[in-house]
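For reference, the structure discussed in these notes is given below.
All of the numbers you see were taken from the coordinates with simple rules; none came from a lab. The shown structure was predicted, so the numbers you read here are calculated from the model rather than taken from an experiment. For neighbour counting, all protein chains shown are included, and Cβ atoms are generated from backbone atoms with ideal geometry for every residue, glycine included.
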Amino acid sequence: MKYCKNCGHTVHDLYCGHCGQKANPERISFTFLWKEVFHFFTHLESGFLYTSFQMVARPGKTAKNFIEGKRKNYQSPVSYFLIWITIFILFLYFLEKIFGENVVIRYRDYFGPSLATKMAISNLGLVLTVVIPFQALYLFLLVTRKSYNYFETMVATIYSLGTIIQFQFVFAFFATIYHLIFKNAVDLQISDSLKIIYLVWFILDTIRLYSLNHKYLRALAFIGLAFGTFTLWRIYGFPVLISHFV
């Protein structure tokens, strides 16, 4: 008689009927670890890269599909956001280790005094998470409230912020190429133009899917509120918060 090594229940087949684990789990070896790495990247490719492309090409439709239950081909919004944050932060980390601080990208107290900016970049996921509820509220009140609830609307916001980080990564990549050619740093504030361009595209592609009056005024209001909230948070909110704890 076999017993599951995970939960201890009796096993009569290849898998435990109680917890679902294999009756004979594979020994951990190089092959095992390699298969885990391979599975991670093949799973990442099937969902993450597809979602990344769709959120650039059709952001409104992509978020709408996920909200309405067409989710098999998409990376979930939270993991999508966290993966892009991780990729971006790791890339900045390697840039600093290879070239030094403010050599490739000049931060110029982007999130306030130098210490606050350094902490914000290192904890970018937490910094941007503060903005998510506000941007979701703006999108909900201006666009989606007759179709979806607030938390469904938040899905679209999380996807959009993840994609903005994707554009930030692209900005950092080209800043690296620029530095290698011209030996100069690129100011981080230049990337704000990419944020605005994507916000414009995101809201225009989203709002066309809904029957609403004054669509362009609603779109303009969303862009102003969303970018304005982020700007106020990074210039005033986060530095003041940090000053109370450091």
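Tabulated data for the structure shown
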quantity	calculated
Of the DSSP H helices in the chain, those whose Cα atoms cover at least 27 Å axially and whose Kyte score averages 1.0 or more	77-99, 150-182
Mean-position separation - Cα centroids, region 108-150 and region 184-245, in angstrom	9 Å
Under Karplus coefficients 6.51, -1.76 and 1.60, residue-wise ³J(HN,Hα) of region 6-14 in Hz, glycine/proline x	8, 10, x, 6, 5, 10, 10, 9, 6
Links that overshoot a 23 Å alpha carbon limit, given the list Lys70/Lys215; Lys61/Lys195; Lys118/Lys195; Lys70/Lys146	Lys70/Lys215
Kirkwood estimate for region 142-246, i.e. one over the average of 1/r between Cα atoms, Å	16.0 Å
Cut-off under 5 Å, modelled amide H: who pairs with Val11 long-range	Lys2, Tyr3, Cys4
Inter-centroid distance (Cα atoms) of region 52-82 relative to region 1-17, Å	37 Å
Charge dipole (debye, nearest 20) of the chain; +1 at Cβ of Lys and Arg, -1 at Cβ of Asp and Glu	500 debye
Descending semi-axes in whole angstrom, ellipsoid equivalent of region 85-149, from the Cα gyration tensor	33, 13, 9
Under 5 Å, built H, 5+ apart or other chain: amide partners of Ile105	Val186
q = 0.08, 0.14, 0.19, 0.20 Å⁻¹: log10 I(q)/I(0) that the Debye formula gives for region 63-243, counting C-alpha atoms only	-0.27, -0.80, -1.30, -1.39
